[in-house]
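The values are calculated or read from the model by the stated rules, or taken from the named source; none is laboratory data. All of these numbers come straight from a predicted model, not from anything done at the bench. Note: ideal-geometry Cβ built from the backbone for every residue, glycine included; neighbour counts use all protein chains shown.
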Amino acid sequence: MILHRLVSSACRNAPFRAGFLLTAASALPVAAFFPPVEPGIPNRPAILLETNFYVFTSALELTGGLVISGNAPCNVCPREGEGDSGLFGGSNAADSSGRLSYVRVEFAGIRFTDENELNGIALQGVGSGTQIDHVQVHHNADDGIEFFGGTVDAKYVLITDSQDGSIDWTFGWRGRMQHAVVLQRFDDHDKGIEADNEKSNNNLEPRSHPTIYNLTISMWRDSGDPGILLRRGTAITLRNAIVMNAKDYAVDIDGAVTASLVGNLLTIDDSIFFNNRDGFANVDLEATNILASNPLLPNSRSRVQPDLAPLPGSPARSGGAPIPAAAAASSGDGFFDAVTHIGGVSPEDPWVDDGWTTFSDN
């Protein structure tokens, strides 16, 4: 932990650059990263990884991951960050932590306790002035990406083979996400989404309530977890999603407070839920335009190069909900792309194959 604090201080204000490679072989077991952030580019992503030669089974947990802390609102802030990474949270919803673009975090993550972990990417009180796009967390020992409050948005997010939840949030995250993919290709891995508001007071404000369009979650049918777990009072607006192959419900609503939000602050519509063992959801979600059809994704389980663009004839190629004008103009920034497909990848834009991602097990 002392070394962690030393490295955290050394890494502050040190930007990633295109083609930048940070490894545990460089004697940096944990990197707590703060602005400014200089983006990578499509063919030269910035990479944070444990090493570039250890195999997956022995490589995990040697790099802590990437932590960005900001001054945006949370419902229990300011508070100490994960892994003693310092205080975060404040009152500036538009706070900027710079830009994180074309960045991969590989073979990272540390679990100190069940309540204190270092994720692949931890966004702690990060504000909407921050730009996050084209990020991948690969083979993480804990959560892939987790939002601890804040208002930050994220686009083109790829989480592959995280051992815990892939996309998580808590403490009042109220951002937006579009074009996101979760792949779980091993039988001992966890949920696609694990989402909370606040554990001790499920109704604490600001309530977690992200708006998510165009998401694909492909699970490994032998693992015993739902595709999406919503609990502890979180809300969500979810449209144009594909959730498939969960060995449980596609959507699990946990707790009376969370269930009370269904149809009001918790809505899931215009989506495909296919081949999930226990069906769509454990409660009536009052959902509309929900299909159980095969989305015809060519190969979501490949460990070499998954192909997630829907084939001709797929119901995912059309039928997606248009972005409502209120959501599209909610901050006047045009964040949401006007697309009509369902899922995180379209045939016209197979962004997970653009050369900046990886699917290797070592």
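Odds and ends about this structure:
- Breaking point among (1) farther than 15 Å from residue 321 by Cβ; (2) of a type in the set (Gly, Ala, Ser); (3) crowded, with 21+ Cβ neighbours inside 10 Å, for residue 271: (1)
- The set of residues in the range 198-215 being surrounded by fewer than 19 Cβ atoms within 10 Å (Cβ to Cβ) and either in contact with an Asp or Glu (Cβ under 7 Å, 6 or more places away or on another chain) or outside any loop (DSSP other than H, G, I, E, B) (or both) consists of 204 alone.
- Selection within the range 226-254 - part of a loop (DSSP other than H, G, I, E, B) and of a type in the set (D, E, K, R): 232, 247, 248
- Those residues of the range 152-175 which are among the polar types (S, T, N, Q), over 10 Å from the mean Cα position of the chain (by Cα) and in a loop (DSSP other than H, G, I, E, B), in sequence order: 162, 163
- Taking the numbered list (1) in a loop (DSSP other than H, G, I, E, B); (2) surrounded by fewer than 22 Cβ atoms within 10 Å (Cβ to Cβ) in turn, residue 257 passes all entries but (1).
- Any hit, the range 346-360, residues being touching a Leu at 6+ places or on another chain (Cβ under 8 Å), of a type outside the set (Ser, Thr, Tyr), modelled with pLDDT of 95 or more and within 18 Å of residue 159 (Cβ to Cβ): no
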